[in-house]
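S.K.: If you scroll down you'll find the structure; I have some questions about it.
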Amino acid sequence: MSYKVGTKASFSKTIAECDVYGFAGIIGDFNPLHVNAAEAEEMLFGRRIVHGMLTASFLSTVIASRMPGPGTIYMEQNSRFLKPVFFGDTITAEVEITELLEKGRARLKTTVVNQDGVVVVDGTALVKLPKQEE
């Protein structure tokens, strides 16, 4: 694959309750805001929300499997969590090459939006591109 500024890729997923509970079990974050419906009703958003890091992790899905793709090395990720993601939301993680750098590296714009087009995560990533055949 030839990489150029402006190349984009994305991945969409509807977040189910089992996704959140599985993620909580793997990382050990059992904040009631994520896993306890009764307690979450009394908190800031009035219902359970998806872990921010689970939401942002779908950027890795795009980077590793779609673009730049297999063999890409994730070097850095900066993310701002702008809005909550709720159980049942469909999110789309999108990655765009914004700069090609020396040593086979690239700067990426990373964004996650919900089903209403609202940006929930915004940021940038630095990756080492997979080796390209000559």
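No value in this document is a laboratory result; all are computed from the given coordinates. Since the structure is predicted, the reported quantities are computational estimates derived from the model, not experimental observations. Don't worry about glycine lacking a Cβ; one is built from the backbone with ideal geometry, like all the others, and counts go over all protein chains shown.
S.K.: For the residue pair residue 5 and residue 41, what label-to-label distance in nm results when each label sits 7 Å from Cα along the Cα-to-beta-carbon direction?
M.R.: It is 5.3 nm.
S.K.: Quick one: order 129, 108 by neighbouring beta-carbon count within 10 Å, fewest to most. Numbers along the way, then the final one.
M.R.: Values: 129 19, 108 28.
Ranking 129, 108 by Cβ neighbours within 10 Å, fewest first, gives 129, 108.
S.K.: Where nothing but the Cβ of Lys and Arg (+1) and of Asp and Glu (-1) is charged, how large is the charge dipole of the chain around its Cα centre, in debye to the nearest 20?
M.R.: 500
S.K.: Under the rule of -39500 (n - 2.57) per DSSP H run of 4 or more residues, summed and divided by the residues of the chain, what mean residue ellipticity at 222 nm is obtained, to the nearest 500 deg cm²/dmol?
M.R.: Details: 4 runs with 34 residues, N = 134.
It lands at -7000 deg cm²/dmol.
S.K.: Given a 10 angstrom Cα cut-off, can you work out which residue in 102, 39, 17 is the most mobile in a GNM of the chain?
M.R.: Evaluated over the chain, the most mobile residue of the options is 102.
S.K.: Straight-line reach only, C-alpha to C-alpha below 19 angstrom: list the aspartates and glutamates that residue 8 could link to, leaving out same-chain residues fewer than 8 apart.
M.R.: 76, 94, 96, 99, 122
S.K.: Right, another one. In Å, what is the Rg of the alpha-carbon atoms in the chain, and how long is Dmax?
M.R.: Taking only Cα atoms of the chain, I get Rg and Dmax of 16.3, 59 Å.
S.K.: Now for a different question. For residue 27 and residue 98, what does the FRET efficiency come to when R0 = 25 Å and r is the distance between their Cβ atoms, rounded to the nearest 0.05?
M.R.: Numbers: r = 29 Å, r/R0 = 1.18.
The computed FRET efficiency comes out at 0.25.
S.K.: Further question: Net charge near residue 57: determine it from the other residues with C-beta under 13 Å of the C-beta of residue 57, scoring Lys and Arg +1 and Asp and Glu -1. Each step should come with its number before you reach the end.
M.R.: Details: positive: 13; negative: 19, 29.
Spelling it out: positives minus negatives among the neighbours equals -1.
S.K.: Taking 0.36 nm per intervening residue step and subtracting the Cα-Cα distance, what contour gain separates residue 107 from residue 124 on full extension?
M.R.: Working it through step by step, the gained length comes to 5.4 nm.
S.K.: Any idea what the relative contact order of the chain is, in percent, if you count C-alpha pairs under 8 Å spaced at least 6 apart?
M.R.: Working: 267 pairs, mean separation 38.8, N = 134.
This gives 29 percent for the chain.
S.K.: In addition: Between residue 81 and residue 18, what is the FRET efficiency for a Förster distance of 22 Å, r being their Cβ-Cβ separation, to the nearest 0.05?
M.R.: According to the calculation, E is roughly 0.50.
S.K.: Okay, next question. Among the listed pairs 13/109; 13/128; 4/128; 83/109, which are separated by more than 24 Å between their Cα atoms?
M.R.: Beyond 24 Å: 13/128.
S.K.: Quick one: Debye curve from the alpha-carbon atoms of segment 52-130 only, equal weights, vacuum; give me log10 I(q)/I(0) at q = 0.20, 0.25, 0.27 Å⁻¹ to two decimals.
M.R.: The computed values of log10 I(q)/I(0) come out as -0.80, -1.13, -1.27.
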